[in-house]
1. For the range 152-169: of the residues being free of Cβ contacts under 8 Å to residues at least 60 places away in the same chain and within 16 Å of the chain's Cα centre (by Cα), which is surrounded by the most Cβ atoms within 10 Å (Cβ to Cβ)?
2. Any idea which residue in the range 61-116 is surrounded by the most Cβ atoms within 10 Å (Cβ to Cβ), counting only those that are on the phi > 0 side of the Ramachandran plot and near the ligand (Cβ under 10 Å from one of its atoms)?
3. Could you list all residues from the range 43-60 that are touching a residue at least 12 places away in the same chain (Cβ under 8 Å), within 16 Å of the ligand (Cβ to nearest atom) and farther than 19 Å from residue 81 by Cβ?
4. Pick from the range 27-42 the residues that are assigned to a loop (DSSP other than H, G, I, E, B) and in contact (Cβ under 8 Å) with a residue 40 or more places away in the chain: which of them is farthest from the ligand (Cβ to nearest atom)?
5. Taking the range 61-96 on its own, how many of its residues are touching a residue at least 24 places away in the same chain (Cβ under 8 Å), over 13 Å from residue 40 (Cβ atoms) and outside any loop (DSSP other than H, G, I, E, B)?
6. If I go through the range 117-149 residue by residue, how many of them are in contact with a helix residue (DSSP H, G or I) (Cβ under 6 Å, 6 or more places away or on another chain) and more than 14 Å from the ligand (Cβ to nearest atom)?
7. Which condition number does residue 201 fail, the rest of (1) modelled with pLDDT of 95 or more; (2) under 25 Å from residue 75 (Cβ atoms); (3) over 16 Å from the mean Cα position of the chain (by Cα) being met?
8. Scan the range 170-179 and tell me whether some residue there is part of a helix (DSSP H, G or I), out of contact with any strand residue (DSSP E or B) (no Cβ under 6 Å at 6 or more places or on another chain) and exposed (fewer than 14 other Cβ atoms within 10 Å of the Cβ).
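The values are calculated or read from the model by the stated rules, or taken from the named source; none is laboratory data. Since the structure is predicted, the reported quantities are computational estimates derived from the model, not experimental observations. Note that each Cβ is placed from the backbone with ideal geometry, even for glycine, and that neighbours are counted across all protein chains shown.
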Ligand code: CO
């Protein structure tokens, strides 16, 4: 575990390294951002979007929350989407879940209280909607991991229904929504599904089961 002072030391080393590689690195950073990607992922400390995709600063707009949920009344998320899609005009929005997600597991097994319990309502709904399939998966780990995949699917469909996204699709803006899942056992991201402006949302099926 890093002491907070080590964070500051590491930061200094990082800044020096960037400047050594490219003298005008920070000067260019101040000139603005033009990321191609909006990442909506879990807050889990092991799922680090920029590191695992080797994306440099300026490449990715990011929103993270417990269990990568899309609440259509979450002003934080809605603002992030609005700015990323309408102003920055990102081309790709990625909803990335991850196996072994504590939030998704808690939606399945309960035992939560307080704000996180209310927050996970959305994920519990995903479980209710796919209960039969999830329960057929056998042990708790398998059930939770299938729920992770189905949760990505349902959050992606929810995302496609957000006003900002619908408007961008209607106006013909180049925009693709991707549902991915990250496997921390091998470090690999598995793409599950994609939605674009041609997609009929009612016809979006459940993703293939990736984890066997
Ligand atoms: Co998680």
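1. In this case the residue turns out to be 154.
2. That would be 68.
3. 44, 46, 47, 52
4. Taking the range 27-42 and keeping what is assigned to a loop (DSSP other than H, G, I, E, B), we get 30-36.
Among the residues that remain, those that are also in contact (Cβ under 8 Å) with a residue 40 or more places away in the chain are: 33-36.
Numbers: 33: 26, 34: 29, 35: 23, 36: 24 Å.
In this case the residue turns out to be 34.
5. 2
6. Initial filter on the range 117-149 (in contact with a helix residue (DSSP H, G or I) (Cβ under 6 Å, 6 or more places away or on another chain)): 120, 123-124, 126-127, 130, 134, 137, 143-144, 146-148.
Checking the rest, the ones that are also more than 14 Å from the ligand (Cβ to nearest atom) come to 124, 127, 130, 134, 137, 143, 146.
Total meeting the criteria: 7.
7. Only one criterion in (1) modelled with pLDDT of 95 or more; (2) under 25 Å from residue 75 (Cβ atoms); (3) over 16 Å from the mean Cα position of the chain (by Cα) is unmet by residue 201, namely (1).
8. Yes, that holds for at least one residue.
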